[in-house]
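Report on the structure given below.
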Amino acid sequence: MEAKSPLVAFLLSFIPGVGHLYIGRIIRFLFYAGGFFGPLGFMFLLLITDGNVYGNDIAVGLVISFIFACLNMLDMIITIANGKHRAFQPQAVVQNGIVIEPDPLHVVEQQEKTKMMMLSILPGLGHMYMGLMQRGITLMITFIGGFGVVLFVATVLRTPSILVLWLALPIIWIYSMFDAMSLLARKQRGELLEDQSLFAHVEEHLASGKKNRATAMILSIFPGAGHLYLGLQQRGLQLMGLFLISIFVMDQLRLTLFLFLLPLLWCFAFFDVMVQLRKLSEHGLQDEPFVASFMPYQRWIGAGLLLVGIYYLLDRIAQQVIQPRFHELWRQYVEFKYMIPTIVIAFILILLGIKLLFGTNASNKERYRRED
């Protein structure tokens, strides 16, 4: 029987019980999977049948599921670190009546892979174990520093939405683990490993002047990063700054009316990178500022920003002056305030409808006149 992969078992353990099922532990699979999914399924049944599920019940169910998930992962880590489970041990095979024992060198290499995988749970530690100090320290600082910096900024600015940047940490963690396993495989093949920092290859790639299409599209997941990779500094910084400032302003001023603009801005930045890649392959790139495309509408944008600023300034003044003294007037004002988003959206829809009804015909007449 072929030995099971500790890496596969570890990754499958993120779904409670599945990793233990992979190595043949049926009872532990039932125990951990039942302990994790049981409370969640019970709460779901209560929700669809009774509809009255209290917050305390949900909290207790989530805590129980979390405890079973942690026990499941801890059990798997101990099992893999021990390395004595029969599922991870190469077994003797019989071919043509001859018993072939596992190669001792293969057993040692498998044990080394297991140890490397366990060390790589903390990014960079496995690289340090192989003597690649620069690469290991770079990965560790990038992971821990990214976690700390995002938490610090979110705490100082009191903006929890910034914590969305933590989504980059699992990418760093997965890259670190697979990079360590890849380097270990090269070491076991007898290749000489060069201790380079994580950014050494990036610097060499940037110095060569070649731009990778896949890299640009992956970086464009964060608005502006793909443009910076392509060398479009002005456009990239403006898109990135606009995206981050929009999140901060909308969170601070509670501008829920304009939250739909964030996905629009993200989509624009993502697909704009594709447009720039096509231009790169055709006739080269030109760093055109993103803000310049709005210059024909600067008066309308300026008037809109002025009105929004005046509204929120008066709203804050009204909250401090009217609310303590005139409760009835404040109640009427709040009712009118919650009508404003509906009024604004209706006004925008009316303008767009008028534009589509009359503007299109006028433009078509002008186009036909030019053709004649």
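The values are calculated or read from the model by the stated rules, or taken from the named source; none is laboratory data. All values reported here derive from a predicted model rather than from experimental measurement. When we count neighbours, we look across all protein chains shown, and the Cβ atoms used for this are built from the backbone with ideal geometry, even at glycine. For the accessible areas, the whole protein counts, side chains as well, though only heavy atoms, and no ligand, DNA or RNA atoms are used. Shrake-Rupley method; radii C 1.70, N 1.55, O 1.52, S 1.80 Å.
Roughly speaking, what is the stretch gain from Phe14 to Lys84, that is 0.36 nm per residue apart minus the C-alpha to C-alpha distance, in nm to one decimal?
Here the segment from Phe14 to Lys84 would lengthen by 23.1 nm.
Going by average Cβ neighbours within 10 Å, how do the peptides 127-140, 66-79 rank, with the highest at the top?
127-140, 66-79
To the nearest 0.05, what FRET efficiency results for Lys279 and Val164 with a Förster distance of 25 Å applied to their C-beta separation?
0.25
Roll a 1.4 Å probe over the protein chains and send me the accessible area per residue for the stretch 135-180 in Å².
58 Å²
Once R0 is set to 22 Å, what does the formula 1/(1 + (r/R0)^6) return for the Cβ-Cβ distance between Gln196 and Val149, expressed as a FRET efficiency to the nearest 0.05?
The pair Gln196/Val149 has a calculated efficiency of 0.40.
What FRET efficiency do you get for Phe336 and Phe268 if R0 is 41 Å and r is their Cβ-Cβ distance, rounded to the nearest 0.05?
Once the sixth-power term is evaluated, E becomes 0.75.
Want the number for Ile218 to Ile322: 0.36 nm per residue separation, take away the alpha-carbon distance, what's left?
Gain on extension, Ile218 to Ile322, equals 32.4 nm.
Name the long-range amide H neighbours of Lys4: under 5 Å, sequence gap of 5 or more, or other chain; modelled H, no Pro or chain starts.
For Lys4, whose amide H was placed from the backbone, the distant partners under 5 Å are Phe88, Gln89.
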